[in-house]
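Derivation of every value follows stated rules applied to the coordinates shown; laboratory data play no part. Remember, it's a predicted structure, so these values are computed and weren't measured experimentally. Using ideal geometry, Cβ is built from the backbone for each residue, glycine included, and neighbour counts are taken over all protein chains shown.
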Amino acid sequence: MANHVHFHIHFNEINTEAKDKLREMLSRIRKDNGYGYQWFADMFVSGDLTYEMTEKYEWTITNIGPKWCYIEDIEVDVGSIDTYINGYSAWVPPLDGLHKVLSILEQFDPNIIATIDYDDEGLNFVGAAVYKGSEQVDIYEDEYSDLIAGVIETTEGLSKESWNEEEGEWVDQEANDLWDENVYEYVSDSQYNFISETLDYLKENPN
């Protein structure tokens, strides 16, 4: 079974026209498609591109990235400050899918800015990316070994000796508990700091 990769797409800056277009694209998502899921790929069904075509793994891998991608939560209300899409996908985040969405939306808002953060359910990797228009401004990704090093560095009570590299495990239950207690906060802080610093850079360098 494929590992789930949870993702959060946030449209930090988006004008009314682009938001209307996004809402129209999201309206194409079927609520009752026989699977019980909301398919990310449904957004692109238009003209000669049918639902049956976008359900094929070949199409989703080429256009979305993962072989399947589901949406769990959406906010695109007219008066809402936040506009976002949350979901999960197989093995990898939907970076190609987000690029495809932004390639459409930038026709209505050339200055649209969006971010995505994501994490593999087994923490094999975590990451985040920032986009202006459809261009990826910057991206970072940490693998499991990077997370171990980062949590050790930022957690009192852990040291390099706390991790047995050869066995691939913590040396005792106390070290394991400290990892469990701190790793998700470390991931969240790393993603937040990366996105915040990149957005600040964009504000200071608008061109």
Inset, instruction - Please determine, in degrees from 0 to 90 and to the nearest 10, the orientation of helix 16-26 with respect to the longest principal axis defined by the Cα atoms of the chain, where the helix direction is its Cα long axis. - result: 80
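Using only alpha carbon pairs under 8 Å that are at least six residues apart, calculate the relative contact order of the chain and give it in whole percent.
This gives 20 percent for the chain.
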Legend entry - Expected-Rg normalisation [2.2 N^0.38 Å, Cα atoms] applied to segment 84-172: 1.45
Inset, instruction - Note down the Stokes-Einstein diffusion coefficient of segment 1-138 in µm²/s, whole number, using a Kirkwood radius over alpha carbon pairs, 10 °C, and 1.306 mPa s. - result: 105
Legend entry - Table column - 3J(HN,Hα) (Hz), segment 103-112, Karplus curve with 6.51, -1.76, 1.60, x for Gly and Pro: 4, 7, 5, 5, 5, 9, 8, x, 9, 4
Inset, instruction - Filter the GluC sites (Glu not before Pro) in segment 76-166 down to the DSSP loop ones having no more than 13 other Cβ atoms within 10 Å, then list what survives. - result: Glu121, Glu156, Glu165, Glu166
